[in-house]
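A.B. asks: Encoded as structure tokens, here's the structure I'll be asking about.
The values are calculated or read from the model by the stated rules, or taken from the named source; none is laboratory data. Fair warning: this is a prediction, and the values are worked out from it, not measured in the lab. Cβ sites come from the backbone with ideal geometry, for glycine too, and all protein chains shown count toward neighbours. In case anyone asks, the SASA skips ligands and DNA or RNA and just uses the protein heavy atoms, side chains included. Shrake-Rupley method; radii C 1.70, N 1.55, O 1.52, S 1.80 Å.
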Amino acid sequence: MKNISILGSTGSIGTQTIEIVKEQKDIRVTALAAGKNIRLLEEQIRLLKPELAAVWEEKDARALKTAIADLPDVKVSCGMEGLMEVASYEKAEILVTAIVGMLGIQPTIAAIKAGKNIALANKETLVTAGHLIMPLAKQAGVSILPVDSEHSAIFQSLNGEIGNRIAKIHLTASGGPFRGKKAEELERMTLADALNHPNWSMGRKVTIDSATLVNKGLEVMEASWLFGVTPEQINVVVHPQSVIHSMVEYEDGAVIAQLGTPDMRLPIQYALYYPKRRPLSGKRLDFFALRHLDFEEPDTDTFRGLALAFAAMKRGGNMPTIFNAANEKAVAMFIRGEIRFSDIAEMIEAAMDGVAWTDHPDVEQILETERMVYEYLQSNKIFHKHTF
């Protein structure tokens, strides 16, 4: 029996992790953390019988305690302290970090210090704090097992290649719902348009990031930390079928790829059972029905978020944090109808130009950078002119 904890259990990755738990029957979930979906969290607690559950708000913790009053063996915590308690829970071997945003940094550090292997779906942790996380994981002797489909594909394509030099990583992108559109068209795109992803079922934040190609930029930064490659060694390839999930090119010219249907349960399960594979229900790839695969260069003039991500990665320091925090703020404003879709990249660029740069920031400086970005964009009235 394998014991795990889950941060972000009610989100897309969290719920699919629980689907795997139900199907495989030899994983025990010892601790859960979620945001505001108390009803779903209660259902998960009754199904999985964890020993610990955490939510962010104290009022939600009180509501959860009332809802599961008949389950006195389940401890309920809240806030950052609760997240860190779940992350470092003694009985868990693996922490699934399915929480969205920079909120995942401190719990991930706590889990590594407690000796937990990390099934990483929270890309913002490495984007903003990779220079801290990767050395810490090496020092603690724990594994960072990627859950993003692209990074899992790279990880799988590296199997059996120890000692062989990576020439280039080809990171695939579906292109999102606006592939082929030009900048003037993006100004008219609505929230419903941005959430209509052609291939993947994801949470709202990640789906919007996919529409701007910011998500691919975050994945480029994550790949650099996970696999020890430079920005120049990462090539983004738009592949609208989402069948090839990414590729590794070696110095002899050989390219190894991982293919499969667009199903996030595959990389989740691979991380949970690595290095073993298990049967998994679902559709299989039908090459005769597929017939062909298409590849395109990304349009970074229209989707400027990707170009800005490369610029942030090359500058280093707290610039990736500025990039990420500005995007989080902009996406939240877009969801509320306060800005246009096309304003997201403008807000990121403005923050990268306007917020002070720091080299090799510690955790406190990373979190302070986030605060400074939010304050800068909140005070910049040019980004508050659109209402819908």
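A.B. asks: Once you order the gyration tensor axes a ≥ b ≥ c over the Cα atoms, which shape class does region 245-350 get: rounded for a/c under 1.5, otherwise prolate or oblate by comparing a/b with b/c?
C.D. replies: Note, shape of region 245-350 comes out prolate.
A.B. asks: What net charge do the residues around Glu249 carry, taking every other residue with its C-beta under 12 Å from that of Glu249, with Lys and Arg at +1 and Asp and Glu at -1?
C.D. replies: -1
A.B. asks: May I ask you to list the chymotrypsin sites (Phe, Trp or Tyr not before Pro) in region 271-363 that are in a DSSP loop and have at most 15 other Cβ atoms within 10 Å of their Cβ?
C.D. replies: Within region 271-363, the qualifying chymotrypsin sites (Phe, Trp or Tyr not before Pro) (loop, at most 15 other Cβ atoms within 10 Å) are Phe295, Trp357.
A.B. asks: I would also like to ask the following. Ranked from the most accessible area to the least, with a 1.4 Å probe and all protein chains present, what is the order of His131, His292, His239?
C.D. replies: Reading off the accessible areas and sorting them downward yields His292, His131, His239.
A.B. asks: Is any residue of region 82-114 close enough, with backbone N under 15 Å, to a label point placed 7 angstrom from the Cα of Ile335 along the Cα-Cβ axis, and if so, which?
C.D. replies: Within reach of a label on Ile335: 99-104.
A.B. asks: Right, next: Quick check: with the 1.4 Å probe, what order do Thr10, Thr369 take by accessible area, largest first?
C.D. replies: Sorted descending by solvent-accessible area, the residues read Thr10, Thr369.
A.B. asks: Here's a follow-up. Residues with beta-carbon under 13 Å from that of Ala194, excluding Ala194: net charge, scoring Lys, Arg +1 and Asp, Glu -1?
C.D. replies: Around Ala194, the charge tally is +1.
A.B. asks: Working with all protein chains in place, sort Thr172, Thr300 by solvent-accessible area computed with a 1.4 Å probe, largest first.
C.D. replies: Descending order: Thr300, Thr172.
A.B. asks: Follow-up question, since we're still on this one. Points 7 angstrom from Cα along the Cβ direction at Leu259 and Gln233: gap in nanometres?
C.D. replies: In this crude label model, Leu259 to Gln233 measures out at 2.6 nm.
A.B. asks: Let me ask something else. Note down the accessible area of Glu42, probe 1.4 Å, to the nearest 10 Å².
C.D. replies: Rounded to the nearest 10, the figure is 50 Å².
A.B. asks: Here's something else I'd like to know. Give the aspartates and glutamates reachable from Lys25 as a straight Cα distance under 19 Å; neighbours fewer than 8 places away on the same chain don't count.
C.D. replies: Glu43, Glu51, Glu93
A.B. asks: Mind listing the long-range amide H neighbours of Ile6? Cut-off is under 5 Å, sequence gap 5 or more, other chains count too, H placed in the peptide plane at 1.01 Å from N.
C.D. replies: For Ile6, whose amide H was placed from the backbone, the distant partners under 5 Å are Ala31, Leu32, Ala33, Val96.
A.B. asks: Here's a follow-up. In whole percent, how big is the carbon plus sulfur part of the accessible area of region 244-388, probe 1.4 Å, protein atoms only?
C.D. replies: 52 percent
A.B. asks: Would you calculate the separation in nanometres between label points at Asn199 and Lys113, each defined as 7 Å from the Cα along the Cα-to-beta-carbon direction?
C.D. replies: 3.9 nm
A.B. asks: Just to confirm, what accessible area per residue do you get for the chain at 1.4 Å probe, in whole Å²?
C.D. replies: 44 Å²
A.B. asks: Let me ask another. Once you place label points 7 Å from the Cα toward the Cβ at Arg39 and Val363, how far apart are they in nm?
C.D. replies: It works out to 3.5 nm between the two label points.
A.B. asks: Roughly how much of Val142 is accessible, in Å² to the nearest 10, using a 1.4 Å probe?
C.D. replies: Approximately 20 Å² of Val142 is accessible to the 1.4 Å probe.
A.B. asks: Then there's this: Can you tally the net charge around Leu71? Count Lys and Arg as +1, Asp and Glu as -1, for every other residue whose Cβ sits under 14 Å from the Cβ of Leu71.
C.D. replies: Result for the neighbourhood of Leu71: -1.
A.B. asks: Could you pull out the trypsin sites (Lys or Arg not before Pro) across region 291-350 that fall in loop regions by DSSP (anything but H, G, I, E, B) with no more than 13 other Cβ atoms inside 10 Å?
C.D. replies: Arg291, Arg336
A.B. asks: Can you work out the PRE-style zone for Thr190? Point 7 Å along Cα to Cβ, and I want the residues of region 333-358 with backbone N under 17 Å.
C.D. replies: Residues 334-342 fall inside that zone.
A.B. asks: With respect to the cross-link table entries Lys75/Lys138; Lys36/Lys123; Lys22/Lys181, which display a Cα-Cα separation exceeding 30 Å?
C.D. replies: Where the Cα-Cα span goes over 30 Å, the pairs concerned are Lys75/Lys138; Lys22/Lys181.
A.B. asks: Here's something else I'd like to know. Which ³J(HN,Hα) values in Hz, rounded to whole numbers, follow from the phi angles of region 23-33 under the Karplus curve 6.51 cos²θ - 1.76 cosθ + 1.60, where θ = phi - 60° and Gly and Pro get x?
C.D. replies: 6, 7, 6, 10, 10, 10, 8, 8, 8, 10, 9
A.B. asks: I need the calculated FRET efficiency for the pair Ala140 and Glu90, taking r as the beta carbon distance and R₀ as 22 Å, to the nearest 0.05.
C.D. replies: Computed FRET efficiency for Ala140 and Glu90 comes out at 0.90.
A.B. asks: Summing -39500 (n - 2.57) over the DSSP H runs of n ≥ 4 in the chain and dividing by its residue number, what mean residue ellipticity at 222 nm do you reach, to the nearest 500 deg cm²/dmol?
C.D. replies: -14000 deg cm²/dmol
A.B. asks: Heavy atoms only, probe 1.4 Å: what % of the accessible area of region 1-114 goes to carbon and sulfur, would you let me know?
C.D. replies: Heavy-atom surface of region 1-114 belonging to carbon and sulfur, 1.4 Å probe: 51 percent.
A.B. asks: Calculate the FRET efficiency for Asp294 and Lys65 from the Cβ-Cβ distance with a Förster distance of 51 Å, rounded to the nearest 0.05.
C.D. replies: In this case the efficiency is close to 0.45.
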